[in-house]
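First comes the structure, then the notes that go with it.
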Amino acid sequence: MKPQKFLALSAAALLAALGLTACATDSSPIASPTASSTPTSDVTPPPAGQRGEDPLAEFEAAATASCNKAMAEGVVEAIAKGETPTETEWWLMMVPKDQAINDFSAARYGKAEDLAEVIYETYEFDTCYMSTQFALAKEAGVDITKVMSVSYDQAADLYVVREAQNAGNVQTSQFFLDAAGLITKVQYPDLGAIAFERTVRYGALTEQEQGWFKRAVESANG
């Protein structure tokens, strides 16, 4: 199962609810929000120990700051699955636009299939998915709380996001932040018997990851 499948379903459901299906992506190698829907927030991500007063606003600020950092500095999201995820199965990689290869700036690598392929939508990255939904909702003048709720678990120090999906289902995601308020890990605890976990690392790709990225671009170019 490719890592984007369950996330794409969530994105489609949210965009449909917002009436924004037509502007979900564009035709560039990796789609970015339009100028009017670029993630922005008037709230600073809350530091540890000062969270929980306004979970929705706090989470929006954290999601926005995380996406901005990912797009400016690069990011790698390592995906593992299972009740106790330990072994990485997929890597999602994004580099800053000025480091793109042939206009491609994102790719994924799957260990089981030894498969490297480019990524076309920023919402496949958990560091950018939520911030883009907030931005699109604002652009359309839609109350995002109609399709999403956010709470803060003080004991676990994480934000719990519940999103409306197709057929009345709800997907729950748990977002862990570092001391500065950036997303560092995401867990999906209710995806049936198989739970997914993403760990996030900002900054440059390793030599191995750069090799996978180049392979993906070469494959896309035929």
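The values are calculated or read from the model by the stated rules, or taken from the named source; none is laboratory data. Everything numeric in this text was worked out from a predicted model, so none of it was measured. So basically every Cβ, Gly included, is an ideal-geometry build from the backbone, and we count neighbours across all protein chains shown.
Here are some notes:
- With respect to (1) crowded, with 18+ Cβ neighbours inside 10 Å; (2) of a type outside the set (Phe, Trp, Tyr); (3) not in a helix (DSSP H, G or I), the lone exception for ALA61 is condition (3).
- Residue satisfying all of: in segment 150-173; surrounded by fewer than 17 Cβ atoms within 10 Å (Cβ to Cβ), in a strand (DSSP E or B) and not hydrophobic (A, V, I, L, M, F, W, C); modelled with the lowest pLDDT among these: THR172
- Given (1) among the polar types (S, T, N, Q); (2) at negative phi; (3) touching a residue at least 60 places away in the same chain (Cβ under 8 Å), index of the condition ASN102 fails: (2)
- Residue list for segment 105-131, filter: free of Cβ contacts under 8 Å to residues at least 24 places away in the same chain and not in a loop (DSSP other than H, G, I, E, B): LEU115
- Considering only residues in segment 115-128 that are at pLDDT 95 or above and not polar (S, T, N, Q), the one that is surrounded by the fewest Cβ atoms within 10 Å (Cβ to Cβ) turns out to be LEU115.
- Matching option when the condition is farther than 30 Å from PRO46 by Cα and among the charged types (D, E, K, R), among GLU87, GLU121: GLU87
- Just one of the numbered conditions (1) more than 19 Å from ILE183 (Cα to Cα); (2) without any contact (Cβ under 8 Å) to a residue 40 or more places away in the chain; (3) under 20 Å from the mean Cα position of the chain (by Cα) is not true of PRO96: (1).
- Count - residues of segment 177-201 that are surrounded by 18 or more Cβ atoms within 10 Å (Cβ to Cβ) and either outside any strand (DSSP E or B) or aromatic (Phe, Trp, Tyr) (or both): 4
- Beta carbons closer than 9 Å, at least 6 apart along the sequence or on distinct chains, pair a first residue in segment 143-163 that is over 17 Å from ALA179 (Cα atoms) with a second that is assigned to a strand (DSSP E or B) and of a type in the set (D, E, K, R) for VAL147/GLU163; MET148/ARG162; MET148/GLU163; SER149/ARG162; SER149/GLU163; VAL150/ARG162; SER151/ARG162; VAL160/ASP153.
- On the stretch given as segment 129-149, residues that are of a type in the set (Val, Ile, Thr), under 20 Å from ALA62 (Cβ atoms) and either within 16 Å of the chain's Cα centre (by Cα) or surrounded by fewer than 18 Cβ atoms within 10 Å (Cβ to Cβ) (or both) total 2.
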